[in-house]
Amino acid sequence: MRSVLACPIFFGLFIFSNYCISGVSDGIVAIDQENRKPVAYASVLLKEINGKGELSGFLDQNGWISTENMKYPLQVKIIHVNHLAFSGTVSSPDTLILDLKNEILEEVVVTGQYEPEPLRNSLIRVQTIEPRGLENRGAATLSQALQYQLNYTLEPDPATGAVGISIQGLDSRQVKILLDGVPISGRTGNSIDLSQINISAVERIEVVEGPLAVQYGTDAMAGVINIISKTSQKKKPYARVDILEESVGSDYGAEEGIHQQGVLFGMGVGKDFYGQLEFTHRFFGGYQGGIEGRAKLFDPKENIYGNLKLGFRPKRMKIEYRLDFFDELIDSKANPSGLIEPIALDEQYHTRRFINQLNGYNSLSNTQKIDWVASYTVYSRIKTQYAHNLATGEKPLVESEGAQDTADIQAFLFRGIYTTNPMEGKLSFQLGVDLNTEKARGGRIEGADWQSLGDYAGFGTMQIKASSRFSMRFGLRYSYHTNYNAPLLPSAHVKYALSPKLDFRLSYARGFRAPTLKELYFDFFDSNHSISGNESLQPEYSHHLDFGFNHRLEFGKGYILNSDLNFFYNDQNNQITFGQDALDPTITTYINADIYRTLGFSLRESLGINKFEIGAGIGVTGRYNEFSDSLKLDQYLFSPEINTSVAYTPGFWGLSFSLFYKYTGKVPQYLISEDDNGNQDVVLGERDPFQWMDLSVTKNFKKYLTLILGVKNLTNVTNVNQTISGGGTHGGGGQYPIGYGRSFFVRLVFKTQNFN
Amino acid sequence: MKTLVFPNILLMVCSLTFVSCIGDDEGGFQTVPAFKGGLLDANVGGEKQPNQVYIDLSTNTSTAILRSTWDLGFYSGQEFRVIINSSVAMMAYRLDKNEIDKVGHADTLGLGDQLSLEAVFGALFGPPVPWLSEASTWIDNPSRDLDLTAIDEVMEQDSDNMVYIINRGNDEENNSRGWKKIQIKRNGNGYDLLYGDIGDTQHSTLTIQKDPDYNFSFFHFSNGLVDVEPKAAEWDLAFTTWTELTELNGDDIPYFFKDYVIINQKGVSVAKVPVNDETKTLEEFNEFSGEDVADLNFSDSVNFIGDSWRTIATPTPGSVTSVRNDRFFVLRDSQNNTYKLIFTAMLSDQGERGFPQILFDLL
């Protein structure tokens, strides 16, 4: 009898002891508030309050970490993706209780921060896009990731196949794309092609609207998009495999539709070494888009992305080698020329980008650290044109001028940032250097040799926490640039907590966009064109002002309603555009001429309640443009946008459902319009409104396998009309391609158990 | 006896006819039958299109000359009109002076920023300029209508003829050919051309007679009178470059066109035939016969064909530099031969522009 009772008692003691005795006596344990289960693999930082000792690492599968070599009391910070961050002082080994958080809030952000910060604490208004939503939507490229953001407009260009984005009415030349804080070089035309950036296995995307020019320099006038890659872990091997099959409208087959396969693999070696390899292959079959013949509206293309990280990360420091590799081949078939032996001028565009990077950080003490990165990018875009004889099959290279072209860009960057907080939390500051050189040739850049530029800057920011409610940050950047007079850039951010639930933020920043090598050294002279670059171009400048409120309401059983209201104003001058050369009016060149202003607001609500996560928002952007003396928008023209998203997890069969919807209102545009005689004119018109909707269902099988089925572009948008305002003698504007029509996708994602 | 006479008469008759058959081929009027048709590749010269090519369908000959061979053409017909060389984008600006030696550099002040294709194009990107609407008067009207030339009719009264500043345009390598000043007067049934460099105080003079065999007498500032067009009766159409007018922002402005086709001023007319099924253009062309000609409207306008025979690729996906497959043409030459002709290529088989080809057939 006794033996029977003894077993459960002994067993219970054993369990208890695991929590209370072995766990607590020489370490710290974190458990979940609701289900009392250990919070495994949470990120933890321990600092001795009365010493220099520090430990950063991860809780093990029991939620435990050893503190046997440390002296209490300890400052403890625990961060885990599903839980609210824990920050506090612990005077002896203890069990810490972590609250489950709702997915939408309490993300940790890094862009523009001194160190990873919970979103709520950030002085700068950062928005995040989480990978789970991207996975569920079947989003694989950066352009798809951003399409639902309010006041963001995608700008697809059929001529090059590139996709740009405009933010708050400022175009894609003024948006800076970063990979883990390092800018990407190599533009197609004047902006980075977002469809070339793969985000399948991304950790998170962070967006800051408004210039972060103090930290990031040129091109960040409209904002910064920071792609945070999957953090590599020092542990047993982990992997993710991602297969995406998608139709393009109703086209799907071996040579049609979208076929994407990706794999990510990583592991730790020894205590401090780690490696991670990611590889994705994507094939896009092209989209006919109503174009007759062999030519297509969007050409087929094939992309390969690779990312390798090898690093050494003991306590207090890290050094990592990183390689990003991108290869894209666009196959552009042309319609034939001639009646008897038709010749088609087919083209291929081969783009390659290699980014070699060495980065790291060093904690000099508990209050000082240095982050640094050195990066070398080699980018090339080769255009090849063939005279494809459709009768004989021969394809010689075309020898006319401009038929074959290679554009090369090489860019080198070094950033070093020293961060210190001498008065813990009250005063901290950063000093940084940002050294950039870039050289380019080909692609209609003057001369057979390289043209180059250099941008060498130093910046400093200071953050003051004047009280528990009030903090502010000031920044200043000074640059020396080889081609133009660089501006001194100030910025100021203020955050005031009106109540524990209500934050007010105000920001002012000056931004600029440096003239590109193409704008400086363009060269296009033939019998009808005399267009040259302008070496005395000055940068475009902007003032940006925004302010807003963020309110977080918790009610009921862990329900959270978050409201974000933000107003913005951008004032740009010196915009670079085409104009007459001041010294020779027969030559057309780039000049600093335009004035462009935007203002508007956005209101975003997110609600987590029971099994639902709901988001909704409305945004309005007003545009004011003094294009030239003959074409002016003398008043602001407003465009509204509405978006909503719903995620529903019923809790059985591992199912969840998501819906995304966005309404984009009219956008004013300059259009080329033709009358009956074929005469052309540039007039003010507008792009019609349209709606976009994605719907998907996700099923999680056990923990390894996720299957997602979805419909994209449920409203079947293909082209959007551009109309001329006010009618007049000219006919309608034409069509602007937005999408491929309703498409379907299937996505299969395998993850190892320890992948998070 | 009967039997002997008959064969002799027969022999006599035969020998007479036999003699008359031979006699027809010797001396007297001989008309070579018109060429029946075929493919013709015009030697325009590739990418830069350096040549004008004058084609005579009935003899299947083409004559290629460099575009910069001439500057001015003096009309041989009744009127006294002078044309400038459209194919090198020449421009002529009329001054209010009628004494050529008193014209100097001061009279061209500001013209450097106006009197050229580059200046006109450049002006589109700056603030609106008042002179842009006048630019169409500095070139010959693209139709080569002699009432609409850049240089006014040469008047009887010498003092009614003004001095013109000439921008000689660009040569085949797109280099500027320089500037001159001219003044033209009548001399009996011919012309007196007074010319010189802008700063000259002593002009040169050349008397030019009208030659009825040719449409124009052509003149080059360095080489004097030169051969350009074949005799008026000996060519039908030509490939050339041309200074056209295009409407931009409400004004007609000069714009340079390549791959342009003109027809002979005199005696040639042409009509357009629309194609019903663009996938069967060559078949419809082959089936088109002389009977269908009666329904057509013929025009003798010099630039009736112009650029309407081809399209040029734009950045819009699907657009292509090619011959148009929705039309072909019927041409009636000065000997009343009627040909159907269709443009079959614009590019060489190496994909280079400036290698046009036509297929033509005698109806």
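Partner chain Cβ atoms within 10 Å, averaged over the residues of A:399-406 - can you pull that number for me?
3
Tell me the volume per residue, in Å³, of the convex hull enclosing the alpha carbons of the range B:223-264.
Taking the convex hull of the Cα positions in the range B:223-264, it is 109 Å³ per residue.
So for the pair B:Asn297, A:Ser536, with labels modelled 7 Å out along Cα→Cβ, what separation do we get in nm?
Output for this residue pair reads 5.5 nm.
Once you mark the trypsin sites (Lys or Arg not before Pro) that are in a DSSP loop and have at most 14 other Cβ atoms within 10 Å, what is the longest gap between them in chain A?
A:72-234
Between the helical axis of A:2-17 and the dominant principal axis of chain A, each derived from Cα atoms, what acute angle in degrees is found, rounded to the nearest 10?
The answer is roughly 50 degrees.
What list do you get for A:Ile304, A:Ile78 if you sort them by fewest beta carbons within 10 Å?
If I rank by nearby Cβ atoms, fewest first, I get A:Ile304, A:Ile78.
With point charges of +1 on the Cβ of Lys and Arg and -1 on the Cβ of Asp and Glu, referenced to the Cα centre of chain B, which listed residue (B:Tyr255, B:Phe121, B:Phe329) lies farthest in the positive direction of the dipole?
Positive-most Cα among the choices belongs to B:Phe329.
Once you keep just the Cα pairs under 8 angstrom separated by 6 or more residues, what percentage relative contact order results for chain A?
Once divided by the residue count of chain A, the mean separation gives 8 percent.
Counting other beta carbons within 10 Å of each residue's own, what order do A:Phe86, A:Phe273 fall into, fewest first? Intermediate results must be reported in sequence, preceding the final value.
Values: A:Phe86 19, A:Phe273 14.
So the residues, fewest neighbours to most, are A:Phe273, A:Phe86.
Can you tell me the dipole magnitude for the range B:179-248 around its Cα centre, using point charges on the Cβ only (Lys, Arg +1; Asp, Glu -1), in Debye to the nearest 20? Could you put the intermediate results ahead of the total?
Working: 6 positive and 11 negative charges, 83 e Å.
Computed charge dipole of the range B:179-248: roughly 400 debye.
Starting from the Cα of B:Ser176, step 7 Å along the direction of its Cβ; do the same at A:Glu155; then give the gap between the two resulting points in nm.
So the label points at B:Ser176 and A:Glu155 sit 3.6 nm apart.
How do A:209-216, B:159-166, B:122-129 rank on mean C-beta neighbours within 10 Å, highest first? Show your work: numbers first, answer last.
Working: A:209-216: 27.8, B:159-166: 19.5, B:122-129: 17.9.
Highest mean packing first, the order is A:209-216, B:159-166, B:122-129.
Rounded to the nearest 500, what is the 222 nm mean residue ellipticity of the protein assembly as shown from helices alone, with -39500 (n - 2.57) per DSSP H run of 4+ residues and division by all residues?
On the way: 8 runs with 74 residues, N = 1119.
Computed mean residue ellipticity for the protein assembly as shown: -2000 deg cm²/dmol.
List the GluC sites (Glu not before Pro) in the range A:302-403 that DSSP assigns to loop (not H, G, I, E or B) and whose Cβ has at most 12 other Cβ atoms within 10 Å. Which are they? Intermediate values should be presented prior to the final figure.
Working: sites: A:Glu302, A:Glu320, A:Glu328, A:Glu347, A:Glu394, A:Glu399, A:Glu401; in loops: A:Glu394, A:Glu399, A:Glu401.
Filter output for the range A:302-403: A:Glu401.
Just need the relative contact order of chain B here, percent rounded to a whole number, with Cα pairs under 8 Å and 6+ apart.
This gives 19 percent for chain B.
On the first, second and third principal axes, largest extent first, how far apart are the outermost C-alpha atoms of chain B in Å?
The Cα atoms of chain B stretch 105, 58, 36 Å along the principal axes, largest first.
Can you compute 3J(HN,Hα) from phi for each residue in the range A:133-138, using the Karplus curve 6.51 cos²θ - 1.76 cosθ + 1.60 with θ = phi - 60°, rounded to whole Hz and x for Gly and Pro?
3J(HN,Hα) across the range A:133-138, in whole Hz: x, 5, 4, 5, 7, x.
How well do other chains shield peptide B:240-248, expressed as the mean number of their Cβ atoms within 10 Å of each residue Cβ?
2
What FRET efficiency comes out for the pair A:Asn362/A:Tyr456, r = Cβ-Cβ distance, R0 = 25 Å, nearest 0.05? Intermediate results must be reported in sequence, preceding the final value.
Numbers: r = 23 Å, r/R0 = 0.91.
My answer for the efficiency is 0.65.
In debye, nearest 20: dipole of chain A around its Cα centre with unit charges on the Cβ of K, R (+) and D, E (-)?
On the way: 71 positive and 82 negative charges, 834 e Å.
The calculation lands at about 4000 debye.
Per residue of B:36-48, count partner chain C-beta atoms within 10 Å of its C-beta, then hand back the mean as an integer. Write down the numbers at each step before the final one.
Numbers: counts 0, 0, 0, 1, 0, 0, 0, 0, 0, 0, 2, 5, 4.
Going residue by residue through B:36-48 and averaging, the value is 1.
Between B:Thr344, B:Thr61, B:Thr149, where does the largest GNM mean-square fluctuation fall for chain B, given springs only between Cα atoms within less than 10 Å?
Greatest mean-square fluctuation among the candidates belongs to B:Thr61.
Assign one of three labels to the range A:126-751, namely rounded, prolate or oblate, based on the Cα gyration tensor with a ≥ b ≥ c the square roots of its eigenvalues; rounded applies when a/c is under 1.5, prolate when it is not and a/b is larger than b/c, and oblate otherwise.
Since a/c stays below 1.5, the shape of the range A:126-751 is classed as rounded.
So how do A:Met423, A:Met221, A:Met693 line up by other beta-carbon neighbours within 10 Å, fewest first?
A:Met423, A:Met693, A:Met221
Among B:Gly196, B:Asn161, A:Gly556, whose Cα lies farthest out toward the positive end of the dipole of the protein assembly as shown, if unit charges sit on the beta carbon of Lys, Arg (+1) and Asp, Glu (-1)?
Towards the positive end, the residue furthest out is A:Gly556.
Every read-out reported here was derived from the displayed coordinates using simple, explicitly stated rules and does not represent laboratory data. Owing to the predicted nature of the structure, the values given are computational and were not obtained by experimental measurement. In this analysis, Cβ positions are derived from the backbone assuming ideal geometry, glycine residues included, and neighbour counts consider all displayed protein chains.
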